[in-house]
Amino acid sequence: MSTHGSAAQIDATPENWRELITVNADGLIPVIVQEVTSREVLMMAWMDTEAIERTLSSGAAVYWSRSRQEYWVKGETSGHTQKVASLSLDCDADALLMEVEQTGPACHTLTPTCFTGRTISAN
């Protein structure tokens, strides 16, 4: 894909987003998922271009499971769905921020967010 050294705003469109993103050696890009209303960070997952395409076409969050080597739609089995409100690239185009309307807990441990109870002390 491409690298970007400019801070200029580049708007992705349905026609050009594939050219703008930068994936890792495995063809994946990390996605940080945030609740659109509360702004709470819910989880981090991985997508490839196919997962992004499925997400954009369906409006539901679709991820790539590195452990299972398959696509998964958030909430397909649990009912804890994520309706996509927006998808944004970071400044280097090597990470995504996805804002969602979360139904139920976001984490598979049934907590509202995957970032619960594991604080690393900075002292």
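The values are calculated or read from the model by the stated rules, or taken from the named source; none is laboratory data. Quick caveat: nothing in here was measured; it's all calculated off a predicted structure. Note that each Cβ is placed from the backbone with ideal geometry, even for glycine, and that neighbours are counted across all protein chains shown.
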Within the range 15-25, count every residue that is in a loop (DSSP other than H, G, I, E, B), in contact (Cβ under 8 Å) with a residue 12 or more places away in the chain and of a type in the set (Asp, Glu).
0
Candidates Ala85, Ala95, Ala106, filtered to the one that is of a type in the set (A, V, I, L, M), touching an Asp or Glu at 6+ places or on another chain (Cβ under 6 Å) and in contact (Cβ under 8 Å) with a residue 40 or more places away in the chain:
Ala85
Counting only residues in the range 66-118 that are closer than 12 Å to Val33 by Cα, part of a loop (DSSP other than H, G, I, E, B) and aliphatic (A, V, I, L, M), the one farthest from the chain's Cα centre (by Cα) is identified as Ala106
Selection within the range 45-65 - in a strand (DSSP E or B) and exposed (fewer than 13 other Cβ atoms within 10 Å of the Cβ)
Ser65
Out of the residues in the range 1-35 meeting the condition of being small (Gly, Ala, Ser) and modelled with pLDDT under 70, tell me which one is surrounded by the most Cβ atoms within 10 Å (Cβ to Cβ).
Ser2
Would it be correct to say that Glu40 is modelled with pLDDT of 95 or more and closer than 17 Å to Ala106 by Cα?
yes
